[in-house]
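**Q** My structure is below; once you've seen it, I'll send some questions.
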Amino acid sequence: MSFYITTPIYYVNATPHVGHAYTTIAADILARHRRQRGEETFFLTGTDEHGSNIARVAEEAGLEPKEFVDRNAATFMEMTRRINVSNDFFIRTTDERHEQLVQEFLQRIYDAGEIYEGVYAGLYCSRCESFYAESELVDGNCPQHGIPPEWVEEKNYFFRLSAYQDRLLALYEEGSDFVLPKFRANEARSFIEQGLDDISVSRATQRWGVSVPWDPDQVVYVWVDALINYWSALAFAREGEDLRDRLWPEVHHLLAKDILKFHCVIWPALLMGAGISVPKQLFVHGYLLMDDRKMSKSVGNVIDPLELIDVYGVDAVRYYLFRAASFGQDGNISVDGLHERYERELGNDLGNLLSRTTAMVARYRDGKLPVVEGSAELAGELDALGGRVVARLDAYDLTGGLDEIWEVVRALNRHVEQNAPWELAKDEAKADELDRVLFDLADGLRVLAITLAPFLPETTSRILDALGQDAGLDWDHARSGQTRAAEGIAPAEPLFPRVDSPAAV
Ligand code: MSP
């Protein structure tokens with residue numbers, strides 16, 4: 001089984017914010033998890049670098065477009081690194097190899113007779129890079145950006161999207177999970193059912209883009225250019241190998257609802273037009289909000305993920321985003337909220353559990369952890385956890401996955417309180433019982449570390465190190481009773497050291 005997962009490729013006209021980090025971390029969690037299960041996994045992210053909007057912003061910055069996109073792509077790459085994401089490749093649409101494949105892709109549709117020449121006249125929002133019908137405007141403005149669209153009239157090439165209605169509806173048939181969550185599939189379906197207009201796939205008045213292969217006076221519409229990245233990247237991501245043979249169409253696209261129509265309607269139709277199989281699945285998540293408004297550059301309420309990471313550490317940020325909002329739905333985030341969960345859930349629930357466990361092994365057993373028969377009841381809980389997390393993550397329910405794991409974090413904390421190892425330590429006759437409880441805690445923490453590894457990669461290695469365990473992260477190890485005997489266990493440094501106040505950000 002192979003698992004290929006993508007994020008949208010982000011526009012480089014702005015600097016990255018937590019909203020971009022969100023989708024990328026989500027994809028990373030799923031990719032890391034699939035690797036643990038031994039699946040051949042490929043994780044793609046990147047940047048969308050063409051289009052009139054970017055050309056305009058570059059000009060405003062007094063730079064050549066290429067210089068501008070090089071600089072800004074670097075900040076997205078830096079963010080990708082700092083959020084500790086394990087992407088296998090980073091695609092940039094200004095890569096010549098991508099540009100060539102865009103031409104090849106478009107030529108295939110053209111040769112199939114699915115593209116014709118026409119005149120486009122309509123209202124265009126250059127921020128969205130999208131045409132709008134009068135009826136879609138809000139007070140005459142773009143519904144996403146609140147600015148008036150421009151009237152554009154030019155010769156364009158059109159793709160016969162209207163001819164794909166039935167084939168698209170077939171993808172959304174009852175019982176299919178082509179698009180998840182279900183309510184997003186319904187949104188896409190009702191859009192298709194309303195009837196589709198042909199779409200313009202080229203621009204005559206712009207230069208910053210890929211030339212249309214049969215008419216170099218036109219450039220390919222930036223959205224078509226961008227969508228093709230998911231397919232093109234596989235052709236050159238690995239030197240001397242074409243991964244499309246192995247990974248296409250086993251692709252899982254992650255995106256937020258702002259770009260649902262492009263991904264769930266236009267993209268599959270373009271692929272059909274080019275005679276290429278459609279993606280296996282798309283998951284459309286909600287928005288991260290601040291004070292109930294979408295975090296976005298145009299609203300101006302953005303948080304820089306790097307600032308949060310500097311104060312709370314990367315794992316805390318990765319954790320918080322999927323706790324604050326249920327993945328799939330919209331949800332508010334705030335620095336106060338992060339601070340609160342950092343202290344309560346990461347510091348107290350998980351961090352203290354490790355501190356206490358290692359301190360007790362050091363104190364009562366001179367740092368030695370023998371392998372003994374653990375509690376059957378706890379073993380049952382640990383053994384059920386792996387399957388529960390798999391079920392959640394296979395359904396893209398990252399928040400539910402964390403809920404399952406936290407059930408066990410809490411169960412272990414109760415196990416400490418109920419068995420009071422500090423009392424057992426006072427009575428030599430209870431030495432075996434004490435060994436059992438300490439083993440339970442270590443075994444439980446080890447299983448937690450493995451199941452948490454995709455969410456909290458740094459914390460996982462710290463937990464395993466502190467317990468003298470180095471068995472690797474394979475999902476097979478997420479079971480009870482696999483903890484090995486260890487020596488030299490010392491009281492662990494706090495996993496999540498105190499941060500004075502949220503105002504530190
Ligand atoms: N370049 C296009 C995508 C082309 S993909 C073939 C684009 N870029 S974007 O920079 O605007 O990124 C949009 C995506 O960023 C969203 O779909 C989502 O993945 C992520 N997000 C940006 N802001 C976000 C929130 N406030 N909340 C959740 N996701 C956010 O569209």
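**Q** Since Tyr11 meets every condition but one in (1) within 12 Å of the chain's Cα centre (by Cα); (2) closer than 15 Å to Ala226 by Cβ; (3) open to solvent by 10 Å² or more (accessible area, probe 1.4 Å), which condition does it not meet?
**A** Among (1) within 12 Å of the chain's Cα centre (by Cα); (2) closer than 15 Å to Ala226 by Cβ; (3) open to solvent by 10 Å² or more (accessible area, probe 1.4 Å), the lone unmet condition for Tyr11 is (1).
**Q** Which one of the conditions (1) open to solvent by 10 Å² or more (accessible area, probe 1.4 Å); (2) at negative phi; (3) within 27 Å of the chain's Cα centre (by Cα) does Ala26 fail to meet, given that it meets all the rest?
**A** Against the list (1) open to solvent by 10 Å² or more (accessible area, probe 1.4 Å); (2) at negative phi; (3) within 27 Å of the chain's Cα centre (by Cα), Ala26 comes up short only on (1).
**Q** Out of region 125-180, which residues are part of a strand (DSSP E or B) and closer than 26 Å to Glu250 by Cα?
**A** Phe159, Val179, Leu180
**Q** Looking only at region 324-336, count how many residues are crowded, with 16+ Cβ neighbours inside 10 Å and not β-branched (Val, Ile, Thr).
**A** 6
Conditions tested, residue by residue: (1) within 16 Å of the ligand (Cβ to nearest atom); (2) touching a Lys or Arg at 6+ places or on another chain (Cβ under 9 Å); (3) closer than 19 Å to Phe183 by Cβ.
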{"residue": "Asp245", "(1), (2), (3)": "no, no, no"}
{"residue": "Trp248", "(1), (2), (3)": "yes, no, no"}
{"residue": "Val251", "(1), (2), (3)": "yes, yes, no"}
{"residue": "Lys261", "(1), (2), (3)": "yes, no, yes"}
{"residue": "Ile266", "(1), (2), (3)": "yes, no, no"}
{"residue": "Leu271", "(1), (2), (3)": "yes, no, no"}
{"residue": "Ala274", "(1), (2), (3)": "yes, yes, no"}
{"residue": "Gly286", "(1), (2), (3)": "yes, yes, yes"}
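**Q** Follow-up question, since we're still on this one. In the same structural domain as Pro370 (by TED's automatic domain parsing), open to solvent by less than 10 Å² (accessible area, probe 1.4 Å) and touching a residue at least 12 places away in the same chain (Cβ under 8 Å): which single residue out of Leu467, Leu473, Leu424 fits that description?
**A** Leu467
**Q** Filter region 60-101 down to residues that are in contact with a Ser or Thr (Cβ under 7 Å, 6 or more places away or on another chain) and hydrophobic (A, V, I, L, M, F, W, C) and give me whichever is surrounded by the most Cβ atoms within 10 Å (Cβ to Cβ).
**A** That would be Val69.
**Q** Another question about this same structure. Just give me the residues in region 104-128 being open to solvent by less than 40 Å² (accessible area, probe 1.4 Å) and over 21 Å from Ala274 (Cβ atoms), in sequence order.
**A** Of everything in region 104-128, those that are open to solvent by less than 40 Å² (accessible area, probe 1.4 Å) and over 21 Å from Ala274 (Cβ atoms) turn out to be Gly122, Leu123, Tyr124, Cys125, Ser126, Cys128.
**Q** Among the residues of region 482-505, what is the count of those that are under 19 Å from Leu378 (Cα atoms) and surrounded by 15 or more Cβ atoms within 10 Å (Cβ to Cβ)?
**A** 2
**Q** Something else now. Hey, could you check region 288-326 for residues that are more than 12 Å from the ligand (Cβ to nearest atom) and of a type in the set (Ser, Thr, Tyr) and say which is farthest from Cys142 (Cα to Cα)?
**A** Restricting to residues being more than 12 Å from the ligand (Cβ to nearest atom) and of a type in the set (Ser, Thr, Tyr), the top hit is Tyr312.
**Q** Here's a follow-up. State whether the residues of region 397-418 include one that is loosely packed, with under 15 Cβ neighbours inside 10 Å and either aliphatic (A, V, I, L, M) or in contact with a Cys (Cβ under 7 Å, 6 or more places away or on another chain) (or both).
**A** The answer is no; no qualifying residue exists.
**Q** Out of region 141-152, which residues are farther than 20 Å from Lys261 by Cα and open to solvent by less than 40 Å² (accessible area, probe 1.4 Å)?
**A** Val152
The values are calculated or read from the model by the stated rules, or taken from the named source; none is laboratory data. A quick note: this is a predicted structure, and the numbers were derived from the prediction, not measured. Quick reminder, even Gly has a Cβ in these numbers, built from the backbone with ideal geometry, and neighbours come from all protein chains shown. Each accessible area value is taken on the protein alone, full model and side chains, heavy atoms only, with ligands, DNA and RNA left out. Shrake-Rupley method; radii C 1.70, N 1.55, O 1.52, S 1.80 Å.
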